[in-house]
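As structure tokens, the structure follows; a few thoughts come after it.
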Amino acid sequence: MPAGEALALLTTHARLDPTYVPVKDDHSCRWHVCTARGEFEILTTGAKWYDTRVRLGGGGAIDLAMHVLGLSFVDAVKHLTNAAGRHGPDHP
């Protein structure tokens, strides 16, 4: 799952930064996101992500959920599974 799509499932607010100019990869995006744990500035490229404020990154939606929500691996999987179900084809 692309990290940008995962952000939609994990955050209370996610805004793509239209002023961001990628340096290394033209497919990179910068997001300003808000969760119950606070605000983050996240760069995404495919499934990879990087938090510019704490200089920490990873790959995959589970790692991203663990980071922005402070969840364990198991809880991150459960959260993503539940959120994806709520946003599936039958749930706009």
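The numbers here are math on the coordinates, done by the rules we state, and not lab data. Every value quoted in this text rests on a predicted model; they were computed, and no experiment measured them. Positions of Cβ are generated from backbone atoms using ideal geometry, with glycine treated the same way; all protein chains shown enter the neighbour counts.
Mind listing whichever residues of segment 34-51 are in contact (Cβ under 8 Å) with a residue 40 or more places away in the chain and surrounded by 15 or more Cβ atoms within 10 Å (Cβ to Cβ)?
T44, T45, A47, K48, W49
Out of segment 34-48, which residues are within 14 Å of M1 (Cβ to Cβ) and part of a strand (DSSP E or B)? First the steps, then the outcome.
Step one: list which residues in segment 34-48 are within 14 Å of M1 (Cβ to Cβ), which gives 44-48.
Residues satisfying the conditions are T44, T45, K48.
Yes/no per residue for (1) in a loop (DSSP other than H, G, I, E, B); (2) out of contact with any His (no Cβ under 6 Å at 6 or more places or on another chain); (3) crowded, with 18+ Cβ neighbours inside 10 Å:
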residue: R15; (1), (2), (3): no, no, no
residue: H27; (1), (2), (3): yes, yes, no
residue: H32; (1), (2), (3): no, yes, no
residue: R53; (1), (2), (3): yes, yes, no
residue: A83; (1), (2), (3): no, yes, no
